[in-house]
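Trainee: Below are the structure tokens for one structure; questions will follow.
The values are calculated or read from the model by the stated rules, or taken from the named source; none is laboratory data. The structure displayed is predicted, hence computed values, not measured ones. Keep in mind that these areas ignore ligands, DNA and RNA; they rest on the heavy atoms of the full protein, side chains included. Shrake-Rupley method; radii C 1.70, N 1.55, O 1.52, S 1.80 Å.
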Amino acid sequence: LTLAHPRPLPGTAEEMARQATRAALAALQTGHLRVQVTLPTGAGVDETARCLASSLEAEGSRCRLYVPRALLPLWHGAARCSSLGLGDPQQDDGAFVVLAPCNRVRYSADDEPDGHVLESLQGLLSRAHDRPVVLINADLEALVLSPRPLRPVRPMFMADFVDAFFLATAEGPTPGDTVAVRRAFPAAWEV
């Protein structure tokens with residue numbers, strides 16, 4: 001854990017996308033096949049997915065991008081883009097980027113997590129074999145059979161993923177200050 005910022009925090013969505021892409025590519029180049037990127041919600045998430053997919057394509061990996069069904073119309077016309085469960089990986093797909101897979105339901109304590117997203121992602125991971133999979137802003141909860149409500153549990157397969165880029169920010173104690181936690185692979189965690 002580092003308590004200083006050797007590199008400045010990203011000031012724009014484009015800079016965050018570049019930092020996240022560099023970190024994810026560095027993790028992939030060192031042999032990690034399962035990589036996770038976590039960004040502040042809404043801040044450059046789409047830009048990061050586009051930047052990462054185009055960088056993977058530039059390196060010679062045909063990249064398939066999976067987006068949530070609700071966002072699919074916004075990505076209409078994007079090459080090799082589909083939604084989890086709707087488009088199967090092809091033999092010539094060299095890498096997979098999954099944007100914001102979420103199976104949590106947060107309306108009431110009685111709601112159950114959506115098993116379709118989790119099942120589709122597990123199927124993708126199974127069919128990906130030795131091809132890289134990058135998750136961007138994954139919010140996944142395991143389906144636990146219990147008569148009592150328990151705290152959320154991450155799916156076991158998430159242990160296979162390396163945090164290549166993580167950024168969380170909050171307002172600091174003094175107006176205008178920002179408090180942040182960041183990891184940009186291969187660097188250590190920074191506060």
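Trainee: Can you sort H116, H76, H129 by solvent-accessible area, 1.4 Å probe, largest first?
Mentor: H76, H129, H116
Trainee: Something else: Just reorder R7, R182 by solvent-accessible area, largest first, 1.4 Å probe, all chains present.
Mentor: Numbers: R7 90, R182 0 Å².
Solvent-accessible surface, decreasing: R7, R182.
Trainee: Here's another thing I want to ask about it. Compute the semi-axes of the equivalent ellipsoid of the stretch 1-97, taking the square root of 5 times each eigenvalue of the Cα gyration tensor, and list them largest first in whole Å.
Mentor: Taking √(5λ) for each eigenvalue gives 25, 17, 11 Å, largest first.
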